[in-house]
Amino acid sequence: MASAASPTTLSLLPTTSSSSTTSRISPTVRLPSRFLRSPLRGLGFAAADPLFSAHVASKLQSLKTSARPITGVVSMAKRSVGDLSPADLKGKKVFVRADLNVPLDDSQNITDDTRIRAAVPTIKHLISNGAKVILSSHLGRPKGVTPKYSLAPLVPRLSELIGVEVVKADDCIGPDVEKLVASLPDGGVLLLENVRFYKEEEKNDPGFAEKLASLADLYVNDAFGTAHRAHASTEGVTKFLRPSVAGFLLQKELDYLDGAVSNPKRPFAAIVGGSKVSSKIGVIESLLEKCDILLLGGGMIFTFYKAQGLSVGSSLVEEDKLDLATTLLAKAKAKGVSLLLPTDVVIADKFAPDANSKIVPASAIPDGWMGLDIGPDSVKTFNDALETTKTVIWNGPMGVFEFDKFAVGTESVAKKLAELSGKGVTTIIGGGDSVAAVEKVGVAEVMSHISTGGGASLELLEGKILPGVDALDEAVAVPV
Ligand SMILES: Nc1ncnc2c1ncn2[C@@H]1O[C@H](COP(=O)(O)OP(=O)(O)OP(=O)(O)O)[C@@H](O)[C@H]1O
Ligand SMILES: O=C(O)[C@H](O)COP(=O)(O)O
């Protein structure tokens, strides 16, 4: 146990009494609709280091919010591509929206093909059932037609993984595309050009959506990473094309990030890290309703420390979220959730990979120093707490893992989850930087589920309805 003063550790009563649990992951999903995500406000923080400030600001900038607030209970139990019969698919033109937004280097080589591999099961299922696949995706955030955002570099890898020579269109609508669709054999795959080359895509323009829809007989959305965007190819198209069903990847993401999280094998632990508490309020509040143990790490912990009267040096602090931190601690207590804050931290004298560093109790951060990782005592405490669990979800790194010196806490969590996964614990990695950390440690394969969505996984964990999911056909029956 850590040597730090006790105020930083809130070991509250565990609540494992809600034992009406099941280990089954439902193929269908229902979401309660309580949560609204607050817009990001009050981005000022204490750290004076400009590099530090720029780093955090850029992370926050990328957190675009587009999912709608929810009013009333909305069902996310969706019809899946697996529910369609072979007769529904044979010879049919199927518009498949995937998220093939993969990173490319300066020579247009794919540096991580995870999202392409994740799209393959649905495509293979469709072609093996004799469907004609019209595949659509965005890449990046182009403003108009931009050659460097063409989907052309994806064709060889896609063809290799699917086992079919993929034909590439130079556009995503229009007469030339229609000709290519008409010549597509059963079991063929046509990749449309980047759908965001049209500004109408992100505007969810009905005319554009109708043109996309006119290419096909039915719609499959497998683009989980983009399901939080109400765009023409993710939402608008469903107004003109039925059936509109979920692909296997989308379904799996919902099964884990909502199904397993809402109905977990217990004890259920949530690990939440990342830069700021303001960007994780919705996630923390949502998980507090469901989990037995909540472990907090990352930059947000310093706001909690300060709220408890501790000195935090020049660590990241959101002064306008001190009351919120206090409220969240009280909420955890009221709900009987065992909330653990790190008891020791790795501090640095500047925000840099080569900063001087030392380990101190959380209650003893000197002026001029900033906390950039959780310390070894905290790692041990977290590991002990995780040892008891049957389901764990992780979102957000424990420290500035981009700098090796401050990556130990994050990598330790990744290793622990890999170990637990081997023992049959359901381990879910909720997208974004935690996925990068898991991949860096080389344990991605052993996790129960690694989300392909960043913003989408965050919004789903917050309990929001994702427009790209909401627009799909309801499942015929919702199992209890
Ligand atoms: N103590 C800390 N001080 C400052 N920044 C931190 C600290 N701990 C973690 N971070 C930063 O938090 C960032 C990740 O935060 P974020 O909230 O974006 O997490 P995420 O949800 O996993 O990622 P994403 O937003 O990419 O989905 C990382 O870049 C990391 O360097
Ligand atoms: O990378 C992602 O998170 C998705 O592909 C969505 O991309 P976007 O944030 O540009 O909409």
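The values are calculated or read from the model by the stated rules, or taken from the named source; none is laboratory data. Because the structure is predicted, anything quoted here is derived from the model rather than measured. In this analysis, Cβ positions are derived from the backbone assuming ideal geometry, glycine residues included, and neighbour counts consider all displayed protein chains. Remember, those area values only see protein heavy atoms, side chains included, never the ligands or the DNA or RNA. Shrake-Rupley method; radii C 1.70, N 1.55, O 1.52, S 1.80 Å.
The table that follows gives values for the structure above.
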item: All positions within region 422-434 that are surrounded by fewer than 19 Cβ atoms within 10 Å (Cβ to Cβ) and either of a type in the set (S, T, N, Q) or within 16 Å of ligand 2 (Cβ to nearest atom) (or both); result: none
item: Cβ-Cβ under 7 Å pairs, at least 6 apart or on other chains, region 212-235 side closer than 23 Å to P175 by Cα, far side assigned to a loop (DSSP other than H, G, I, E, B) and among the hydroxyl-bearing types (S, T, Y); result: L212/S233
item: Exclusive hit being of a type in the set (A, V, I, L, M, F, W, C), within 16 Å of ligand 2 (Cβ to nearest atom) and open to solvent by 10 Å² or more (accessible area, probe 1.4 Å), set A230, A182; result: A230
item: Qualifying positions in region 342-364 - part of a strand (DSSP E or B) and not hydrophobic (A, V, I, L, M, F, W, C); result: D344, S357, K358, P361
item: Failed criterion for D112 (all others in (1) within 16 Å of ligand 1 (Cβ to nearest atom); (2) open to solvent by less than 50 Å² (accessible area, probe 1.4 Å) hold); result: (2)
item: Unmet criterion (only one of (1) part of a strand (DSSP E or B); (2) open to solvent by 10 Å² or more (accessible area, probe 1.4 Å)) for V220; result: (2)
item: Filter result for K380 (within 24 Å of S451 (Cβ to Cβ), away from ligand 1 (no atom under 15 Å from the Cβ) and surrounded by fewer than 21 Cβ atoms within 10 Å (Cβ to Cβ)); result: no
item: Filter result for A437 (away from ligand 2 (no atom under 14 Å from the Cβ), assigned to a helix (DSSP H, G or I) and crowded, with 24+ Cβ neighbours inside 10 Å); result: yes
item: Among the residues listed as G375, G396, G371, the single one being open to solvent by less than 20 Å² (accessible area, probe 1.4 Å), touching a residue at least 24 places away in the same chain (Cβ under 8 Å), closer than 25 Å to G455 by Cα and touching a strand residue (DSSP E or B) at 6+ places or on another chain (Cβ under 7 Å); result: G396
item: Residue within region 258-266 that is surrounded by 22 or more Cβ atoms within 10 Å (Cβ to Cβ) and within 16 Å of ligand 1 (Cβ to nearest atom) present; result: yes
item: Tabulated pairs, region 249-275, first among the polar types (S, T, N, Q) and part of a strand (DSSP E or B), second open to solvent by less than 10 Å² (accessible area, probe 1.4 Å) and away from ligand 2 (no atom under 16 Å from the Cβ), C-beta under 7 angstrom, 6+ apart or interchain; result: none
item: Enumeration of residues in region 127-151 that are open to solvent by 20 Å² or more (accessible area, probe 1.4 Å), in contact (Cβ under 8 Å) with a residue 40 or more places away in the chain and not in a loop (DSSP other than H, G, I, E, B); result: I127, S128, K132, K148, Y149
item: Top-ranked residue of region 190-210 - restricted to ones that are open to solvent by less than 40 Å² (accessible area, probe 1.4 Å) and assigned to a loop (DSSP other than H, G, I, E, B), ranked as farthest from G140 (Cα to Cα); result: N204
item: First in region 451-471 and at positive phi, second anywhere and of a type in the set (F, W, Y), Cβ under 7 Å, 6 or more apart; result: G463/F35
item: Output for region 233-248, where each listed residue is open to solvent by 30 Å² or more (accessible area, probe 1.4 Å) and of a type in the set (A, V, I, L, M, F, W, C); result: F240, F248
item: Filter result (under 24 Å from G432 (Cβ atoms) and among the polar types (S, T, N, Q)) within region 96-133; result: N101, N109, T111, T114, T122
item: Tally of residues being part of a loop (DSSP other than H, G, I, E, B) and either within 26 Å of the chain's Cα centre (by Cα) or crowded, with 24+ Cβ neighbours inside 10 Å (or both) across region 152-169; result: 0
item: The one condition in (1) modelled with pLDDT of 95 or more; (2) buried (at least 23 other Cβ atoms within 10 Å of the Cβ) that K276 fails to fulfil; result: (1)
item: Filter result for the condition that a residue is away from ligand 1 (no atom under 11 Å from the Cβ), open to solvent by less than 20 Å² (accessible area, probe 1.4 Å) and touching a Phe, Trp or Tyr at 6+ places or on another chain (Cβ under 7 Å), over A348, A355, A270, A362; result: A362
item: Subset of region 291-327 [within 16 Å of ligand 1 (Cβ to nearest atom), in a helix (DSSP H, G or I) and within 30 Å of D258 (Cβ to Cβ)]; result: I301, T303, F304, K321, L324, A325
item: Filter pass, G91 being out of contact with any helix residue (DSSP H, G or I) (no Cβ under 6 Å at 6 or more places or on another chain), open to solvent by 20 Å² or more (accessible area, probe 1.4 Å) and away from ligand 1 (no atom under 16 Å from the Cβ); result: yes
item: Number of the exception - S457 against (1) near ligand 1 (Cβ under 10 Å from one of its atoms); (2) surrounded by fewer than 22 Cβ atoms within 10 Å (Cβ to Cβ); (3) of a type outside the set (K, R); result: (2)
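Let's see how each residue does on (1) within 16 Å of ligand 1 (Cβ to nearest atom); (2) not in a helix (DSSP H, G or I):
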site	(1), (2)
A385	no, no
T389	no, yes
I393	yes, yes
G399	yes, yes
E402	yes, yes
E411	yes, no
E419	no, no
G424	no, yes
I428	yes, yes
